[in-house]
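A quick write-up on the structure given underneath.
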Amino acid sequence: MHKHEEKQCDRCNRFFECRAGNISICQCNQVVIPDALAHHIAMVYQDCLCLNCLQELKEGYSSGINIPG
């Protein structure tokens, strides 16, 4: 049985379902994050981010916008 849990996004505080028990179907697996951005996210945030925040951060990073968090 796969573990799913409700989490609160560490960036925007929205609730979402984390599927860490089956990462291939987790919402975070839908966004390919460049290594430098993944490192930034790991340094700034303590826990998971929702899909919307991951997409926003990736779009900002891809556009060359400074990502403060």
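Every number in this text was worked out from the coordinates using simple rules, so none of it is lab data. Everything quoted here is computed from the prediction, not taken from an experiment.
Could you work out how far helix 51-62 tilts from the main Cα principal axis of the chain, as a 0 to 90 degree angle to the nearest 10?
In the chain, helix 51-62 runs at an angle near 20 degrees to the longest axis.
Identify which of ILE23, ILE41, ILE33 has the largest mean-square fluctuation in a Gaussian network model of the chain, with springs joining Cα atoms closer than 10 Å.
ILE23
What value, in deg cm²/dmol to 500, does the helix sum -39500 (n - 2.57) over DSSP H runs of n ≥ 4 give at 222 nm once divided by the residues of the chain? Could the numbers behind the result be given before it?
Details: 2 runs with 22 residues, N = 69.
About -9500 deg cm²/dmol.
What do you get for the angle between helix 35-44 and the principal long axis of the chain? Use alpha-carbon atoms, 0 to 90 degrees, nearest ten.
That helix lies at roughly 80 degrees to the long axis.
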